[in-house]
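First up is the structure itself, then whatever we jot down about it.
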Amino acid sequence: MKVWGLTGSIGMGKSTAARAFQRLGVPVFDADAAVHALQARGGRAVRPIARAFPGTERDGATDREALRRAVLGQPEALKRLERIIHPLVRDEQARFLKRWRGRGTRIVVLDIPLLFETRRDLREFDRILVVSAPAAVQRRRVLLRPGMTKARLDAILARQMPDAEKRRRADVVIPTGLSRHHAQARVRRLVHAAVRQEAREMRDA
């Protein structure tokens with residue numbers, strides 16, 4: 001089974017690319033969704049986060065806005081939070097991989113926003129895919145989100161590796177600044193090429 005890592009900075013169109021993979025039948029592990037589930041009512045991260053950051057639990061779930069205030073602009077607090085969250089997300093990822101490997105799936109995608117920033121072992125992946133768009137497009141997209149401000153966006157970008165460096169490290173760049181159709185076509189070509197390559201390898205074996 002081929003494991004592809006999908007990443008990209010905020011507002012670059014990663015969700016669009018992930019949905020394109022899913023429409024083609026490729027299973028996608030969404031690391032952000034896993035974090036939300038872990039912090040939802042009864043989630044495994046709720047109690048550890050509440051112990052580390054008092055006042056961040058409400059009705060059995062993590063108050064995400066209170067947690068954001070507790071770590072924003074505080075690198076040590078953010079590292080403390082990451083030490084709680086990251087191992088739990090990796091557990092969820094391992095279950096995802098085991099499930100789809102057992103079904104004989106050809107390709108899976110791990111959608112990990114901070115793949116480079118968290119210093120993941122890139123040997124875990126057969127291919128690294130980076131979604132990218134011009135900076136002006138990125139900022140426009142993000143500032144349209146409810147509650148987003150320029151200051152908050154700048155703080156988020158300060159934590160993320162520059163887009164140019166991500167593109168340099170990528171095996172494949174998926175441009176999303178032209179149109180959604182263009183990005184979807186790029187994803188479709190990637191998947192079809194991988195399937196054809198696997199067929200050739202099996203024929204030649």
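The values are calculated or read from the model by the stated rules, or taken from the named source; none is laboratory data. All values derive from a computational prediction rather than experimental measurement. Backbone-built Cβ (ideal geometry, glycine too); neighbour counts: all protein chains shown.
Name the one entry in R168, R123, R188, R200 that is at pLDDT 95 or above, part of a helix (DSSP H, G or I) and either surrounded by fewer than 15 Cβ atoms within 10 Å (Cβ to Cβ) or not hydroxyl-bearing (S, T, Y) (or both).
R168
Which one of these does P27 not meet: (1) within 23 Å of P162 (Cβ to Cβ); (2) within 18 Å of the chain's Cα centre (by Cα)?
Result: P27 passes all but (1).
Looking at V109, V172, V142, V131 in this structure, which one is β-branched (V, I, T), within 29 Å of G42 (Cβ to Cβ) and in contact (Cβ under 8 Å) with a residue 40 or more places away in the chain?
Answer to the check: V109.
Could you check P54 against (1) closer than 27 Å to R152 by Cβ; (2) touching a residue at least 24 places away in the same chain (Cβ under 8 Å); (3) loosely packed, with under 14 Cβ neighbours inside 10 Å and say which number it fails?
Among (1) closer than 27 Å to R152 by Cβ; (2) touching a residue at least 24 places away in the same chain (Cβ under 8 Å); (3) loosely packed, with under 14 Cβ neighbours inside 10 Å, P54 violates only (2).
Only one residue in R120, R180 is charged (D, E, K, R), over 17 Å from A20 (Cβ atoms) and in contact (Cβ under 8 Å) with a residue 60 or more places away in the chain, so which one is that?
Result: R120 is the single residue among R120, R180 that is charged (D, E, K, R), over 17 Å from A20 (Cβ atoms) and in contact (Cβ under 8 Å) with a residue 60 or more places away in the chain.
Could you check the range 67-85 and list, in sequence order, the residues that are among the small types (G, A, S), surrounded by fewer than 17 Cβ atoms within 10 Å (Cβ to Cβ) and either in contact with a strand residue (DSSP E or B) (Cβ under 9 Å, 6 or more places away or on another chain) or without any contact (Cβ under 8 Å) to a residue 60 or more places away in the chain (or both)?
The one that is among the small types (G, A, S), surrounded by fewer than 17 Cβ atoms within 10 Å (Cβ to Cβ) and either in contact with a strand residue (DSSP E or B) (Cβ under 9 Å, 6 or more places away or on another chain) or without any contact (Cβ under 8 Å) to a residue 60 or more places away in the chain (or both): A77.
Go through (1) within 24 Å of L81 (Cβ to Cβ); (2) of a type in the set (K, R); (3) without any contact (Cβ under 8 Å) to a residue 60 or more places away in the chain for K166 and report which single condition fails.
Failed condition: (3).
Which residues, taken from the range 20-40, are surrounded by fewer than 17 Cβ atoms within 10 Å (Cβ to Cβ) and closer than 26 Å to R140 by Cβ?
The answer is Q22, R23, D32, A33, H36.
Determine, yes or no, whether A151 is in a helix (DSSP H, G or I) and either free of Cβ contacts under 8 Å to residues at least 24 places away in the same chain or of a type outside the set (A, V, I, L, M, F, W, C) (or both).
In short, yes.
Of all residues in the range 171-182 being modelled with pLDDT of 85 or more and in contact with a helix residue (DSSP H, G or I) (Cβ under 9 Å, 6 or more places away or on another chain), which is surrounded by the most Cβ atoms within 10 Å (Cβ to Cβ)?
Among those residues, the one meeting the criterion is T176.
Hey, could you check the range 65-110 for residues that are polar (S, T, N, Q) and over 18 Å from the mean Cα position of the chain (by Cα) and say which is farthest from S15 (Cα to Cα)?
Q74
Among what's in the range 10-19 and is in contact with a Ser or Thr (Cβ under 8 Å, 6 or more places away or on another chain) and crowded, with 17+ Cβ neighbours inside 10 Å, pick the residue that is nearest to K166 (Cα to Cα).
M12
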